[in-house]
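Just below is one structure, and these are the notes that go with it.
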Amino acid sequence: MKKMFLLAFCLLLLGACGNTSAGGNDELLISTASSLSGAMQSIKKDFQKQYPDIKLAFNYGSSSKLSNQLQQGAPADVFLSASEDDMDRLIQKKIIIEETVVNFARNELVLASSGKLPSQDLDDLLADEDMLIAVGEPDSVPLGFYTKEALMNLGLWEMIGDQVIFAKDARQVLSYVESENTEAGFVYASDARISTQIETIIEVHGNEQIIYPAAVVESSVNREAADKFLGFLLSDKGQQIFKDYGFTTAKGDLP
């Protein structure tokens, strides 16, 4: 009997440890656009100084891929997207809590190279049929969609058909450029600005500024902790971190 009592007591303790609530050893799983990976390391460090009982874990990928994972039932507490369209689809499917959606950062599209380019004119550069260019997959990567949209608006998309090397997410596009596997690549301005290996940056003006929304996932069991995380993203400290990582802050454009 004594052994059975001790076993039951141990199981009770294990069960108590497994049930987390805000303010008591919470862990938030955050599905995060890959272009945010650098900033999130600083966010994590400073957030956990303020909330030491809330642990953060990140699942990185393209926003479209993460959106599909959530639609298939993948666990997450918060979704940080580089695409308003992907967020809107999740709202429509009631996978995201709509009233929690906030815009926390902005970005821009640039053409980047790890060396000097022969011209600063986008038309002239893309006319060079020998220049390999890294581009995100337009159908599955928001960066790729933004690139295709911009170049179509500028009448340049059809020009680069044979020069393109497609990448699975924003980080891979940057990697191709930094490693010189391609002469140039269309990347987020935030990635280009913080990279120590990028030498040339040419702004691309074919689309509107890129908005990053965040929201709590409907199935989250850590709503209070998730709300605190979103609040930190919008705090002065959080916004300064995004600025330090090359993003345009969203302070003036928040719901």
* Give the angle, between 0 and 90 degrees and rounded to the nearest 10, that separates the Cα long axis of helix 142-153 from the longest principal axis of the Cα atoms of the chain. => 30
* Anisotropy class of the chain from Cα gyration tensor, a/c 1.5 cut -> prolate
* Asked: Taking all protein chains as present, what is the carbon and sulfur share of the accessible area of the stretch 151-206, in % to the nearest whole number, probe 1.4 Å?
  -> 43
* To do: Go through Lys148/Lys237; Lys44/Lys243; Lys94/Lys228; Lys45/Lys148; Lys116/Lys237; Lys148/Lys168 and tell me which ones have a Cα-Cα distance over 25 Å in this structure.
  => Lys148/Lys237; Lys45/Lys148; Lys116/Lys237
* **Residues of the chain: accessible area per residue with a 1.4 Å probe, Å²** => 50
* Which distance in nm do the two modelled labels at Ile165 and Thr196 give, with both placed 7 Å along the Cα-to-Cβ direction? -> 2.2
* Structure fact -> Rounded to whole angstrom, the alpha-carbon centroid of the stretch 51-125 lies from that of the stretch 148-170 at a distance of 20
* Sulfur and carbon atoms: percent of accessible area, the stretch 22-139 [1.4 Å] -> 40
* **Length released on extending from Glu224 to Met131, taking residue separation times 0.36 nm less the Cα-Cα span** => 28.5 nm
* Roughly what % antiparallel, to the nearest 5, for the DSSP beta bridges in the chain? -> 55
* Estimated dipole of the stretch 148-232 in Debye, rounded to 20 [Cβ of Lys and Arg +1, of Asp and Glu -1, Cα centre] -> 300
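The values are calculated or read from the model by the stated rules, or taken from the named source; none is laboratory data. Since this is a predicted model, take the numbers as computed values, not measurements. Ideal geometry is used to build each Cβ from the backbone, glycine not excepted, and the neighbour counts take in all protein chains shown. What goes into the accessible areas is simple: the full protein's heavy atoms, side chains included, and nothing from ligands, DNA or RNA. Shrake-Rupley method; radii C 1.70, N 1.55, O 1.52, S 1.80 Å.
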